[in-house]
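Right, one structure below, let's go through it.
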Amino acid sequence: MTNSWLRYTGFIVPPLAWALSTQLGQITPYIDCRQTIPWTAAVCGILLVASIAGVAASWATSTGLVKSKRFVVDTGFLIALAFVFALALQEAATMLLDSCQR
């Protein structure tokens, strides 16, 4: 019962990481351009790793559940994968596009 909250990290961590990455993606390109340090890519990469860890924790603690709870965890896993894919695309965009061009 102590790890029951880990089952639902797929619902919580990836959407929050994506929202934070989207909001910081509006701010950090200005900092990147002034300092020539890729803060946007670093922040997006860290949030991508955090969301993958949330998905892995959710998937690892879902063994041996009742079918109804297993369905909820599997649904959260699929939703989390969509957010992980979106974060991966944001990471690719920050690596490919120059932040100083407008």
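Would you work out which of Tyr8, Ser21, Leu96 lies farthest towards the positive end of the dipole of the chain, given +1 charges on the beta-carbon of Lys and Arg and -1 on that of Asp and Glu, about the Cα centre?
Working it through, the farthest residue towards the positive pole turns out to be Tyr8.
Any chance you could run the full-extension gain for Leu81 through Ile27? It's 0.36 nm times the residue separation minus the Cα-Cα distance, nm to one decimal.
Roughly 16.9 nm would be gained on extension.
I need the semi-axes of the equivalent ellipsoid of segment 44-97: take the C-alpha gyration tensor, multiply each eigenvalue by 5, square-root it, list largest first in whole angstrom.
Values: eigenvalues 154, 22, 4 Å².
Taking √(5λ) for each eigenvalue gives 28, 10, 5 Å, largest first.
If the rule is a partner Cβ under 4.7 Å, which cysteines in the chain fail it?
So, Cys44.
If you place +1 on the Cβ of every Lys and Arg and -1 on the Cβ of every Asp and Glu, how big does the dipole about the Cα centre of the chain come out, in debye to the nearest 20?
360 debye
State the answer as a single residue: which of Ala82, Ile46, Ala57 lies farthest towards the positive end of the charge dipole of the chain, with beta carbon charges of +1 for Lys and Arg and -1 for Asp and Glu, about the Cα centre.
Looking along the dipole axis, the top candidate is Ala57.
Once the Cα gyration tensor of the chain is diagonalised, what are the square roots of 5 times its eigenvalues, in whole Å and ordered largest first, as equivalent ellipsoid semi-axes?
Semi-axes (√(5λ), whole Å): 33, 11, 9.
Which FRET efficiency, nearest 0.05, do Leu97 and Ile12 yield, Cβ-Cβ r, R0 30 Å?
0.55
Could you please report the charge total around Asp74, scoring K, R as +1 and D, E as -1 over all other residues with beta-carbon less than 15 angstrom from its beta-carbon?
My count for the surroundings of Asp74 gives +4.
Between Trp5 and Thr36, take the C-beta separation as r, use R0 = 35 Å, and let me know the FRET efficiency to the nearest 0.05.
Details: r = 41 Å, r/R0 = 1.18.
Given R0 = 35 Å and the Cβ-Cβ separation, E is 0.25.
With a sphere of radius 15 Å drawn around the Cβ of Ala41, what net charge do the other residues whose Cβ falls strictly inside it have (Lys, Arg +1; Asp, Glu -1)?
Spelling it out: positives minus negatives among the neighbours equals -3.
Using a 1.4 Å probe on the protein heavy atoms, what percent of the accessible area of the chain belongs to carbon and sulfur?
Carbon and sulfur: 73 percent of the exposed surface of the chain.
The values are calculated or read from the model by the stated rules, or taken from the named source; none is laboratory data. What you are looking at is a predicted structure, and each value in this text was computed from that prediction instead of being measured. Using ideal geometry, Cβ is built from the backbone for each residue, glycine included, and neighbour counts are taken over all protein chains shown. SASA here: full protein model, heavy atoms, side chains in, ligands and nucleic acids out. Shrake-Rupley method; radii C 1.70, N 1.55, O 1.52, S 1.80 Å.
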